[in-house]
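The values are calculated or read from the model by the stated rules, or taken from the named source; none is laboratory data. The shown structure was predicted, so the numbers you read here are calculated from the model rather than taken from an experiment. Here the Cβ positions follow ideal geometry from the backbone for every residue, glycine too, while neighbour counts run over all protein chains shown. Only protein heavy atoms, including side chains, enter the accessible area calculation; ligands, DNA and RNA are left aside. Shrake-Rupley method; radii C 1.70, N 1.55, O 1.52, S 1.80 Å.
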Amino acid sequence: MTVEFRVLGPLDVLDSGGSLHLSARKPRTVLLRLLVEAGSPVPADALADALWGDLPPANAAKLVQIYVSQLRKVLGAETIRTVSVGYLLDITPEQLDTHRFAHLLADGRRVAAGNATLAASLFRQALDLWRGGAYADVDGESFATAEIGRLEELRAECFEEKIAAELAAGQGADVPSEVAALINRYPLRETLRAIQIRALLQAGRRADALDAYQEARRVLRDELGLDPGSQLRAAHQLALRTGPDVASTAPPAAIRRLPEPPTPLVGRERELAELQRLLSRPDVRLLTLTGAGGSGKTRLALALARLAGHRYANGIALVELAPLRDAALVPSAIAEALGVQQSAGGDSLIEWLAERELLLVIDNVEHLPEAFPRLAALVARAPRLTVVVTGRRVMHVSGEHVYPVAPLADDAAADLFVQRARAAHAAFAADRGDSDVAAICRRLDGLPLAIELAAARVATLPTKALLERLSSRLTVLTVGPHDLPARQQTLRQTLEWSANLLTPTQRTVLARLSVFPAGCTLECAERFVGADLDTLGALVDDNLLRTVDTGSGARFVMLETIREYADTQLGPDRAAAEQALVSYCVDLVSRVRERGPEQPRWLALLDAEHDNIRVALTLATDADARLAMVGGMWRYWWVRGHLHEGKTHVLAALAGADGSHQADGQLRAKALYGAAGLSWAAGSLGEARRFATAASERARDSGNTFVLMAANTCLGEIAMKERDWTTARRHHEEALTIARANEWTIDIATSELNLAAAIMETGDLETAWRMLTKVLTYHRDNGIAEGIGFASLALGEVAYRMADHPAMAASFADALDAFASIGFEANAAYAMQGLAAATVHTADPAEAAHLLGTAAAIVERTGDPNGAFAPIAAHAESAARAALGERRFREAFDAGRDGRVRTARPRH
């Protein structure tokens, strides 16, 4: 732990987390006594004297030990060492603000003769460290008197030298009033009086300067009995020689060589605040703003320079490197931007920079990698130089701090589009809330350059037509301002600039990755794309790939604008790249464990991969590949509520397999079972029976025992919805027999649950409750959230039939929590309906109505509105209406429609 000690004002002790708590007066006094002689031993008797003076208590030594122990607990045991004569505060000079003050004062004095502007800045920084009187907590204590006197004298000298430097630098506009205030504090300082005379002369106030001399002469005689010294007499002579009321000529102002932006910066308030905080840190002197082409790095860097430029005494400047092709010319470009004559060896630039405090914005460095170490060396050799670099790749040099420039947020992107559209076409009337504007900005990934290029088209294309044409961004965004560099006049040119910096291998990998719309994992890139970690890292550094954490692990993804460009670079490699996507998706789906304790992890992975699988299904030409994908995905589509989409994919795969005599029978059987399951979930019972029967037949023919069991489960559930309890029990018993014969424990539990539900319908509630409790125990013991949800849902229904409202509430709440934890919205909605039925009797009818509204919205979107829970929902709705009245019921119900799946109670 590095601790900072501030004594130029009240004592303040800080670490990286902020001020440390040191409120007790006596431990603070001990610390201050040690700080006065930091690095030197302080006898225990001296500490006691600081605490109690001439009247120490009998146990003074013991109390001192206690106070030191308390300090060690806060500061760290190693900070205060016990030595033979007492105690020693073991800190470095840099930890104490008095050292930093003295260091800045010395630096200012060193450069004052040659760089008054920098000297004034350093003196100001030194004075900014003061927050009050030195050692303010112990002012008047004998042990601190000498040190306080020394520091206060240095402070007065720093004031004088700051003002003198400001006058020399031509910054004296406010000096006369500041000097007058300081003279009230230090009335007998001749140097300050002499500076006052020179400041008044520089302001063109000769008469006031002569009056100031006479006032100084009077005070010195009255207070000290002395005549003015040499400094005052010299200032007086200067005033006598100076013409009346003629202001002196100011020296040249600080460098300020930044172009004025033609349009205002939109958004980026957060980024600018973060970047200013970074630049305020003394360890940040090489800051790289990196991002994709067209992300607005240059505009952001220039805005940052304007906001932070006042901190740099000798100014700010922009160095543009895009025209250069030789890294050896970078020092010359910097020298030219600063107006410095550069010698052949480059040392003159370094010598010039070494004595100045400057902020340089170096724009577009990515195409000159040989210049990266040169820039790092320049910063290392010029201790007061700060460099902000913009580029599409990270430099990876010592001292570099990287700030990724992300695309604009949605609102800022829309604001930018509207502003630029109105500049291009005065009659443009849409605002940031326009849906087409928002869609355009999303399609352009929030990239400022792409948005500006699109906005330029509104004079000829209405936003709706522009949105339709943006399916091909590269052909639409082709006309930019002619005063921009050529690489920024079209989106394609911007992306080609980045691509031209890549090696052939990197270009190939980038193109192959473009067929993965959802991006890919490292494992996928290595196995199916032929990439390695170094290549992927280089593409990330170049901002052509991004790494994102989707909750299922890190992924490499592209902005859509970049992906569209990369896709055009595939050429003859396209077929192989598309087949790699198909092969990856088949392999992935074959490894999915759609049930069991690992289900949440696999669902999260399939969430991330879903767009890849969608595309793979359209690209696959092999019937077995399509069957394998839909057979492995149907349960995902069911859980996520994508019933129509899933069924469409399954039927298309089956239709393709019907035309292929080579299609694998087991894969076809599993796909038929998937079609049955999705049809059942959507309430299409006739279709579900047809597909389940076909799956059963195909499973018998191909020897697929698992699908045979699953088809019986589906046929049993169809019979349950048709209220044919006998048929339902027969199919579920057959499924249970197969599961037991194969020792498939999770399927045994599933079949027992389904059988218990059928038994419940026959009125044997006690047997059903006992069987379901056993099933719930199995799923809880194994951490299977989906199983917990189904078992709790069924137990809640049994409790409903028993009119056991507390048991209902507990079971349905457990079901809701379980289904919500895996995002199984349709069944979460059924749990909400059951919980509403319990809540309406045991708690708040308005909450029941709210739950019913939320459930209704989910069921309409994802599930079967005529499902088994319709009677329970109808009962809850009727009871809630009766308790609340129609108006209050409708208010709560409609409010629930806007809700989302939520846990039934807080988790601890």
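Values for this structure:
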| quantity | calculated |
| --- | --- |
| Top positive-direction residue, dipole computed over the stretch 1-171 with Cβ charges, set 79, 122, 41 | 79 |
| Accessible carbon and sulfur surface of the stretch 256-404 relative to its total accessible area, %, 1.4 Å | 53 |
| Rounded D (µm²/s) - the stretch 182-243, Kirkwood Rh over Cα pairs, Stokes-Einstein at 37 °C, 0.692 mPa s | 289 |
| Lone cysteines, the chain (no partner Cβ under 4.7 Å) | 158, 441, 585, 714 |
| Fraction of the pair-distance distribution of the chain above 50 Å, Cα-Cα pairs, percent | 48 |
| Solvent exposure ordering (accessible area, 1.4 Å, most first) of 401, 779, 310 | 310, 401, 779 |
| Point-charge dipole on Cβ atoms (K/R +1, D/E -1) for the chain, about Cα centre, debye to 20 | 880 |
| Accessible surface of the stretch 182-243, 1.4 Å probe, proportion on carbon and sulfur as whole % | 46 |
| Among 600, 430, 620 - extreme Cα towards positive end, dipole of the chain, charges at beta-carbon | 430 |
| DSSP loop trypsin sites (Lys or Arg not before Pro) with at most 10 other Cβ within 10 Å: longest gap in the chain | 1-324 |
| Heavy-atom surface of the chain, accessible at 1.4 Å and reported per residue (Å²) | 44 |
| Fraction of antiparallel bridges per DSSP, the chain only, in percent to nearest 5 | 45 |
| Fraction of accessible area attributable to carbon and sulfur, the stretch 778-847 (%, probe 1.4 Å) | 51 |
| Measure of compaction for the stretch 1-171 (Cα Rg per 2.2 N^0.38 Å) | 1.16 |
| Which listed pairs, of 647/774; 464/647; 26/62; 670/721, have C-alpha distances above 25 Å, in listed order | 647/774; 464/647 |
